[in-house]
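Scroll down for the structure; my scribbles are underneath it.
Derivation of every value follows stated rules applied to the coordinates shown; laboratory data play no part. As the structure is a prediction and not an experimental result, all values here were calculated from the model. Because the Cβ atoms are built from the backbone with ideal geometry, glycine has one as well, and the counts that use them run over all protein chains shown.
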Amino acid sequence: MEKIFYKSILTPHEFEIPKIKWSRFIGNVFHIKDKDEAEEKIKEISNKYHDATHNCYAYTYGTNINFDLFGQLNITPVYFKSSDDWEPSNTAWKPILSQIQWQDLHNILIIVTRYFWGTLLGVWWLIQAYSECAKQTIWNAQIVLVEMTQQKKIEFDYSYIATVMNLLNKYNAKITNESHGWNANIIFEINKWYIDIFSKEIFNQSKWSIIVKDA
């Protein structure tokens, strides 16, 4: 059975391109799981380069699965946010985000720090500089495939424990939490490609008593 993976960069990486008309451009890339983690990393870099002129960024997190008219699988982000940090409008965040999209990366944050030394670049050069810095930062980092999973939960009578465990193993699901009372409750992580078929199979094998829900 085929799993779904997305491309990302798990190991943080920093890269500085050669100066452009005396301006320095320093890129930082991070893997993020949500908005809070992204904002924490932005604050971290802003503090590290507190004397910089600009700390511009773009990030995306969350993944959706959809299909185009030809039945090809597409992975799209759930959310994105960006900032020009007082650079002229769209000269920083757009080229940064474009590099993320062009490389088809997900759950990713790129921050490009600029030190301005008095020579104006103009809009075209700014766009090229931010784009090149984001691109080189990505290329010098390690792109990896990350399994696209989602947390789900089920509640069931103990008489179905063997059925549940067999199906969890069949679909390579990982139990992340469980509790035991009158019924068993399990929270598990499963590849998004398997969710529908797993839900149907466990529903049928439990005689329509086990319903898969969002965790």
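Within the chain, the percentage of alpha carbon pairs spaced more than 28 angstrom apart rounds to 43%. Taking only the C-alpha atoms of the stretch 20-65, Rg followed by Dmax gives 12.9, 44 Å.
In the chain, which longest range has no chymotrypsin sites (Phe, Trp or Tyr not before Pro) that are both DSSP loop (not H, G, I, E or B) and surrounded by at most 16 other Cβ atoms within 10 Å? Between the exposed loop sites, the longest stretch runs 118-181. Dipole orientation for the chain: of the candidates Leu145, Trp102, Ile190, Trp102 has the Cα lying most toward the positive pole (charges on Cβ; Lys, Arg +1; Asp, Glu -1). From a point 7 Å beyond the Cα of Gln128 in the direction of its Cβ, which residues of the stretch 6-39 have a backbone N at a distance under 16 Å? Label zone hits: 17-25. A simple spin-label model places pseudo-atoms 7 Å from Cα toward Cβ; at Ala184 and Phe80 they are separated by 4.3 nm. When the trypsin sites (Lys or Arg not before Pro) in the stretch 1-53 are filtered for DSSP coil states and for at most 10 other beta-carbon atoms within 10 Å of their beta-carbon, the remaining sites are Lys33.
With n ≥ 4 as the cut-off for DSSP H runs, can you work out [θ] at 222 nm for the chain, using -39500 (n - 2.57) per run divided by the number of residues, rounded to the nearest 500?
Helix-only estimate at 222 nm: -9000 deg cm²/dmol.
Just so you know, the Cα atoms of the stretch 18-128 work out to an Rg and Dmax of 15.4, 52 Å. Here the ratio of the Cα radius of gyration of the stretch 112-215 to 2.2 N^0.38 Å is 1.87. Measuring between alpha carbons in the structure, the pairs from Lys33/Lys192; Lys7/Lys200; Lys21/Lys43 lying more than 21 angstrom apart are Lys7/Lys200; Lys21/Lys43. A simple spin-label model places the labels of Lys200 and Phe116 5.8 nm from each other, with each point 7 Å out along Cα-to-Cβ.
Neighbours of Trp125, meaning other residues whose beta-carbon lies under 13 angstrom from its beta-carbon, give a summed charge of +1 when Lys and Arg score +1 and Asp and Glu score -1.
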